[in-house]
Structures are given as C-alpha cells and as structure tokens.
Amino acid sequence: MTPILKTEHLSYVYGAGTPFERRAVDRVDLEVAPGEFLGVIGHTGSGKSTLVQHLNGLLRPTEGRVLFEGRDLWHDPKQIRRTRFRVGLVFQYPEYQLFEETVARDIAFGPKNMGLSEEETARRVKAAMQLVGLAPETADKSPFDLSGGQKRRVAIAGVIAMEPDVLILDEPTAGLDPRGREDILGHIRAYHAERGSAVILVSHSMEEIARSVRRIVVLSRARVAMDGTPHEVFSRVAELEQTGLSIPAVTQVMRRLRALGLDIDPATYTVRQAAAELAPLIRRVRPC
C-alpha cells in the first residue's frame, strides 16, 4: 500500500549557525499508511512535536523531504495551504487558539477558509460536534464559557470539520483529569472508526497509546528508536527504559505475574487483554 505520508531522511535544526544550534529531528524515515492509527511517543525533547509539524508544512525540513500522496510537500510552496486542509494538526492545548464568539463559528473557521458553501459548512460543523460529543445546544454558546474538556473538544472539532485525510493530535489530553483524558481519547477512537482517516496520536503516556493505536514509533534523541506493534514495542522493556520511558502499568503487572511463575504473555498491554490472559487461570482455581 502506498503511504499517504512519508518522510525521507528528514532533519531539522533549530538556531542553525548560532551557539544555540540544536538538531531536533535527525534523519528520520517514516511511513504512514492510509487509515492507519499510529502512536508517536518519546520523552520531552525527543523531537515528537517538531516531527509532526513537518507533516503538514508548518516547518520546512533543513534536510530531507516530506511526501504527501507521493509528492514532495514543498514542490510548490503555494500549495502548502491546501495541504494543511488535508493534513489537520491539533496542537497541544489547542483551546488557547479559540477566538470566535460562538462554538459553531469557531468550528466553522476552517471549512469557511476552504471556500465551502454555507450549507456544507453547517453540515460539517454539525457532524464534527457529534463526533467529539458536543451537544447541539452548545453551538451558540461562547467557547470561553465551557469547561476545559469541552474547549478541547471544540478545538478538535474545528480540525475535524475540515475532514482531513490525516488527523494529527499532539498531546490532545495534556492537562486534563483522568475522566477528561479518557473522554477525549474515546472520541478520537470513534472518529477513526467512523471516518477511516489516518490518525497520528502524539503522547508521552504509554497507557494512552496502548489503549488506542495499532503501531508505535518511539523517538529518542531526535531519531526513531523503535517502530512496531504495541506488543512488539512493549516487549522491549530495557530499550524503552533507556529512552526514558516506562511500560504501561498493565504490562508491569503481567511481567511480575510471569516472574512469579504464571504462564501468561508478559507483553500484554491493555486491561481487556490481561483479563483474557488471566481468565483461564482463574477458572482452573475456581471452576464454574
């Protein structure tokens, strides 16, 4: 399958030629398939945000290139704006970018800039609100009167309303309480299931990544340190610890149980998987 997004030897240097020069992304090769749900993880300063800001042309590579549908993103700089409608990026703390008088007008900002009709814009606003779980009566409220979690949903809906082929979310649950985090992640998973668009979820939380994605890319020191399924990545505990990351809490428990002699998969990484692994053992001890 031809990747919808691809980076080739991508590098980016901040402050080039100055005493503060720093290579934030270093010769990264990455492919994203259409409809894929990809997780990008790494400790602070590993290059996650810098990498994803290249994927819709917010940053121009110092070296290498980014391909969207097989074409260099920068082959014609005049087309970058159109690409950003198709590769949507939700920044960390996106609610700080809300500015319109009502929720509906804020969500409609992107579609209007695409030149869509009022009817199509209204349809997209309504659909985006449903996808992120915003009640219809919220449309006429000021976004500044909403809770933190609701503001986050409005900001995400504003990008979803453009109906991008790729949705990138940079730490979308940062600063939210546990219930708010799971609520946002649940809507992102529902969006992916319904729309089938590629989704790239950037996070430093192993638990969030484990519950959502099908493939994980681990960044460390501006380079790709690992690339594989969650099971493959979470089985490489020592390497993850070397990058400053830890395995999900469920995996830690399962590894401990395996060390105590239970015949289970120590790389299990979700509660549902753990329940399936432990159920046969529990039935042997307490037969139905």
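Computed from the coordinates by the stated procedures, all read-outs in this text should not be read as laboratory data. Quick caveat: nothing in here was measured; it's all calculated off a predicted structure. Don't worry about glycine lacking a Cβ; one is built from the backbone with ideal geometry, like all the others, and counts go over all protein chains shown.
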(message) I need to check one value: relative contact order of segment 248-288, counting alpha carbon pairs closer than 8 Å and at least 6 residues apart, in percent.
(response) 34 percent
(request) Work from the charge dipole of the chain (Cβ charges, +1 for Lys and Arg, -1 for Asp and Glu, about the Cα centre) and give the residue of Ile156, Leu201, Gly64 farthest towards its positive end. (result) Leu201
(request) Could you list Lys6, Lys126 in order of exposure, starting from the residue whose Cβ has the fewest other Cβ atoms within 10 Å? (result) Lys126, Lys6
(request) Calculate how many DSSP beta bridges within the chain are antiparallel, expressed in % of all such bridges and rounded to the nearest 5. (result) 50 percent
(request) Work out the length of the dipole vector of segment 248-288 about its Cα centre, built from +1 on the beta-carbon of each Lys and Arg and -1 on the beta-carbon of each Asp and Glu, and round it to the nearest 20 debye. (result) 140 debye
(message) Output the 0 to 90 degree angle, nearest 10, between the alpha-carbon long axis of helix 118-131 and the longest principal axis computed from the alpha carbons of the chain.
(response) 20 degrees
(request) From zero up to wherever the largest Cα-Cα distance of segment 196-238 sits, split into 10 Å bins and tell me the percent of pairs in each. (result) 25, 60, 14, 1
(message) Tell me whether the chain comes out rounded, prolate or oblate; compute the Cα gyration tensor, take square roots of the eigenvalues as a ≥ b ≥ c, and use a/c under 1.5 as the rounded threshold.
(response) oblate
(message) What's the magnitude of the charge dipole for segment 17-136 around its Cα centre, counting Lys and Arg as +1 and Asp and Glu as -1 at the beta-carbon? Answer in Debye, nearest 20.
(response) 180 debye
(request) About the Cα centre of the chain, how large is the charge dipole given +1 on each Lys and Arg Cβ and -1 on each Asp and Glu Cβ? Please answer in debye to the nearest 20. (result) 480 debye
(request) Sort segment 1-101 into rounded, prolate or oblate with this rule: let a ≥ b ≥ c be the square roots of the eigenvalues of the Cα gyration tensor; rounded if a/c is under 1.5, and if a/c is not under 1.5, prolate when a/b is larger than b/c, oblate otherwise. (result) rounded
(request) Among Gly110, Leu30, Ala135, pick out the residue whose Cα is farthest towards the positive end of the charge dipole of the chain, where Lys and Arg carry +1 and Asp and Glu carry -1 on C-beta, about the Cα centre. (result) Leu30
(request) Based on other C-beta atoms within 10 Å, arrange Arg22, Arg179 from fewest to most. (result) Arg179, Arg22
(message) Relative contact order for segment 219-288: what percent, with Cα pairs under 8 Å and sequence separation of 6 or more?
(response) 24 percent
(request) Treating the angle as unsigned and between 0 and 90°, give the value, to the nearest 10°, between the Cα long axis of helix 148-160 and the longest Cα principal axis of the chain. (result) 70 degrees
(message) I need the phi-derived Karplus couplings for segment 81-91: 6.51 cos²θ - 1.76 cosθ + 1.60, θ = phi - 60°, integer Hz, Gly and Pro marked x.
(response) 4, 5, 4, 5, 6, 9, 10, x, 10, 9, 6
(request) Would you mind calculating the relative contact order of the chain from Cα pairs under 8 angstrom and at least 6 residues apart, reporting the percent as a whole number? (result) 21 percent
(message) Please report the antiparallel percentage of DSSP beta bridges with both residues in segment 133-285, rounded to the nearest 5.
(response) 50 percent
(request) Return the whole-Å distance between the Cα centroid of segment 227-246 and the Cα centroid of segment 173-222. (result) 17 Å
(message) Only counting other Cβ atoms within 10 Å, I'd like Ile188, Ile4, Ile107 sorted with the fewest neighbours first.
(response) Ile4, Ile188, Ile107
(request) At 7 Å along the Cα-to-beta-carbon direction for both Gln252 and Ala193, put a label point, then send me their distance in nm to one decimal. (result) 2.9 nm
